[in-house]
1. Can you list the trypsin sites (Lys or Arg not before Pro) in region 54-98 that are in a DSSP coil and have 11 or fewer other beta carbons within 10 angstrom?
2. Considering only DSSP beta bridges where both residues belong to the chain, give the percentage that are antiparallel (nearest 5).
3. Given C-alpha coordinates of the chain, what is the ratio Rg to Rh with the Kirkwood estimate of Rh?
4. What are the residues whose amide H is under 5 Å from the amide H of S31, where those residues sit 5 or more places off or on another chain and H is modelled from the backbone?
5. In a GNM of the chain with a 10 Å cut-off on Cα contacts, which of A65, A41, A235 has the highest mean-square fluctuation?
6. Springs between alpha-carbon pairs under 10 angstrom, Gaussian network model over the chain: which of P243, P264, P161 fluctuates most?
7. Counting pairs of alpha carbon atoms under 8 Å apart in space and at least six apart in sequence, what relative contact order in percent does the chain give?
8. Under 4.7 Å Cβ to Cβ, no partner at all: give me those cysteines from the chain, in residue order.
Amino acid sequence: MRVLVVGGTGFVGRHLVARLVQRGHTPLVLSRTPRDLPQGAVHIPGDITREVPALEGVEAAIYLAGIIRERGQTFRQVHVEGVGNLLQGLRQAGVNRILHMSALGARRGTGSRYYETKAEAEELVRGSGLSYAIFRPSLIFGPGDEFFGQVLRGLVCGPWPFVPLIGDGSFRFRPVYVGDVAEVFAQALERGLEGTFDLVGPREYTFRELLGLCMGVVGRRKPFLPIPLRLMDLAVPLLSRLPFAPITQDQYLMLKEGNTAPFPEALKDLLPAPKALEEVLPTYLKC
């Protein structure tokens, strides 16, 4: 199958493109600049946020593009306008199938521009009249991830003699392995799965437990230093204005809310044995 992949050079995209090639498909990777792609994948130059792509010969499309910080591009450009342009291109080319990566927790009224633009994109996909599958992953882990490999690593491996803990650290998450995300997308494409699905891993953790797990993996033992939420509520909006803020207002709102859901019955056949965080984290997390 000839599949257009938007966001195919990103964290999830690299895994999915490789998986599609392995399964005999031809991924057409739309991106502004060419990147290293596996043999069998084809680079298509373009910027989905600025133009409607020409999609002759495409049989289906997968939209993975997303940002967690607004640097040069806005949430609206990447999460909403890009999806709108792709849907227009699909309709013009007579392509009737789209798979879309949203986010667990995406909905209106959260105060998080990330979540709200993801929710708006879901509405566009559902109202497109096309055959669709929307997946909402929780935190995605694996070599090259940002949350575990950068954010939590920075907290655990920092030079200070303690680990900062936001509030009491009780916010709950259910991380999912990047290879499992790629597998679900590939199988959903082949099986014609339709609907909206949460995408989570096999176990739920509190934020405090995730920090403790990271400390164990890197061999650090430090006490937690709880930072009251009242103080964080005042500090984060100020820190967010810095060009390299350690945490943005959107990330803080999402962290306090947590990110968890039951594993959906509809995906158990596609992913009968999702990988656990304890199995994968030691392969790449180091101080």
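Values quoted throughout were computed directly from the atomic coordinates according to the rules given, and no laboratory measurement underlies them. Just so it is clear, the structure is predicted and the values come from calculations on it, not from any experiment. Heads up, the Cβs are rebuilt from the backbone with ideal geometry, glycines too, and the neighbour counts pull from every protein chain shown.
1. Filter output for region 54-98: R71.
2. For the chain, the DSSP antiparallel bridge percentage is about 5.
3. 0.97
4. Those lying under 5 Å, H to H, from S31 are I44, G46.
5. The residue that fluctuates most here is A235.
6. Top of the fluctuation ranking is P243.
7. This gives 18 percent for the chain.
8. Among the cysteines of the chain, those whose Cβ sits 4.7 Å or more from every other are C214.
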